[in-house]
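Structure record follows, encoded as structure tokens.
The values are calculated or read from the model by the stated rules, or taken from the named source; none is laboratory data. Here the structure is a predicted model, which is why all the values come from computation and not from measurement. Virtual Cβ from ideal backbone geometry, glycine too; neighbours counted across all protein chains shown.
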Amino acid sequence: MKQQTIKKAIIPVAGFGTRFLPATKAQPKEMLTLVDKPVIQYIIEEAVESGITEIILVTGQNKRAIEDHFDRNFELEYRLKQKGKKKLLEEIDRITNLANFVYVRQKTPLGDGHAILQAKDLVDKDESVAVLFGDDIIVNKKPALKQMIEVYERYRDPVIAVERVDKKDTNQYGIIDVVDDKGKTHEIKGLVEKPDPKEAPSNLGVIGKYIVTPDVLEALSKVKRGKGGEIRLIDGFRSVVKKRSIYAHECEGTRFDCGSKLGFLKATIHFGLNHKELKKDFAKYLKSIRI
Ligand code: G1P
């Protein structure tokens, strides 16, 4: 059987999560829970369901809870065993064995591109990797990353996940310029970071999932620091877009932007309504609310 080429995913999780203060004062924003599971676990499960076997988390200060979450906890396991809580024990064990976890630290917050570069030495010279930001959860039977990997397998070029956004919101996203606006997969002509609606080349906004090829990673390592001394991933793509093909893919599925409070609330409602034990009672409760 042909081996899938994308085996590793880099997930930058070093950010401070200021939008969620004070909830994130003493805990990572990635550990905020949607019903009973931290956001980061949804992202990692999507990666694993897409065939990823190695998860590289780029962490920073105050992020130890993430490492502990995916590590063994002997005392907890012992107590669950003693109490005969077999199902919970299995679930705890499953989380630990989801993938091979690797951690690197980003010592200074110098942008998402800088975070990704901290993992560069963990990627083979000829290897393409997935990059997933911790905010975007896409719910779909076939995971969004799997859809992107299929595009990669077809072209062997970098792939960026995009979504149609409201024209008035283009200043919140990287916006792409496409060669031909047909179908769901578009060749990219250019990328503009957070343009004013008047200047936006399209309404296709970059969402936090990418497939990065070795040349893009190399180009990223040569990108000059921009605003605030930061290195941004989008600049890595921008520096090669005139020289090589890059594809944008509109993934099938419902996206929740868990980096915003409203998106987080919407996701909570979605996962509540789909939760095995809660869905009936939760739906009943929601129906009973008068707004
Ligand atoms: C980053 C990217 C931007 C992208 C966004 C998606 O911006 O630079 O191109 O649209 O993620 O989440 P940030 O939201 O980190 O400022």
From ILE11, ILE55, ILE6, ILE66, residue being of a type outside the set (Lys, Arg), assigned to a helix (DSSP H, G or I) and closer than 29 Å to LEU110 by Cβ: ILE66
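Yes or no, residue by residue, for (1) surrounded by fewer than 16 Cβ atoms within 10 Å (Cβ to Cβ); (2) among the hydrophobic types (A, V, I, L, M, F, W, C):
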| position | (1), (2) |
| --- | --- |
| HIS186 | no, no |
| VAL216 | no, yes |
| ARG225 | yes, no |
| ARG232 | no, no |
| ARG244 | yes, no |
| ASP257 | no, no |
| SER260 | yes, no |
| LEU265 | yes, yes |
Residue match in the range 243-259 (condition: β-branched (Val, Ile, Thr), outside any loop (DSSP other than H, G, I, E, B), in contact with a Pro (Cβ under 8 Å, 6 or more places away or on another chain) and closer than 20 Å to GLY113 by Cα): no
Count - residues of the range 246-270 that are of a type in the set (Lys, Arg), within 19 Å of GLY205 (Cα to Cα) and without any contact (Cβ under 8 Å) to a residue 12 or more places away in the chain: 0
Residue match in the range 255-263 (condition: aromatic (Phe, Trp, Tyr) and within 29 Å of LYS37 (Cβ to Cβ)): yes
Extreme residue, farthest from GLU252 (Cα to Cα), among residues of the range 149-195 that are within 16 Å of the ligand (Cβ to nearest atom) and in a loop (DSSP other than H, G, I, E, B): PRO195
The range 61-76, subset crowded, with 17+ Cβ neighbours inside 10 Å and out of contact with any strand residue (DSSP E or B) (no Cβ under 6 Å at 6 or more places or on another chain), residue nearest to PHE16 (Cα to Cα): LYS63
Residue identified as under 22 Å from SER50 (Cα atoms) and either part of a loop (DSSP other than H, G, I, E, B) or of a type outside the set (S, T, N, Q) (or both) among LYS198, LYS141, LYS224: LYS141
Filtered residues of the range 210-227 (kept if basic (Lys, Arg) and more than 12 Å from the ligand (Cβ to nearest atom)): LYS222, LYS224, ARG225
Hey, LYS142 modelled with pLDDT of 95 or more, away from the ligand (no atom under 11 Å from the Cβ), farther than 27 Å from TYR42 by Cβ and surrounded by fewer than 19 Cβ atoms within 10 Å (Cβ to Cβ) or not: no
ILE207 vs. criteria touching a residue at least 12 places away in the same chain (Cβ under 8 Å), more than 10 Å from the ligand (Cβ to nearest atom) and within 21 Å of SER128 (Cα to Cα): no
Boolean, ILE40 is within 25 Å of GLU150 (Cα to Cα), in contact with a strand residue (DSSP E or B) (Cβ under 6 Å, 6 or more places away or on another chain), buried (at least 18 other Cβ atoms within 10 Å of the Cβ) and hydrophobic (A, V, I, L, M, F, W, C): no
Single residue of the range 88-117 satisfying the filter (without any contact (Cβ under 8 Å) to a residue 12 or more places away in the chain and not in a helix (DSSP H, G or I)) that is nearest to the ligand (Cβ to nearest atom): THR108
Odd one out for LYS25 among (1) over 13 Å from the mean Cα position of the chain (by Cα); (2) outside any loop (DSSP other than H, G, I, E, B): (2)
ILE231 in a loop (DSSP other than H, G, I, E, B) and either in contact with a strand residue (DSSP E or B) (Cβ under 7 Å, 6 or more places away or on another chain) or without any contact (Cβ under 8 Å) to a residue 12 or more places away in the chain (or both): no
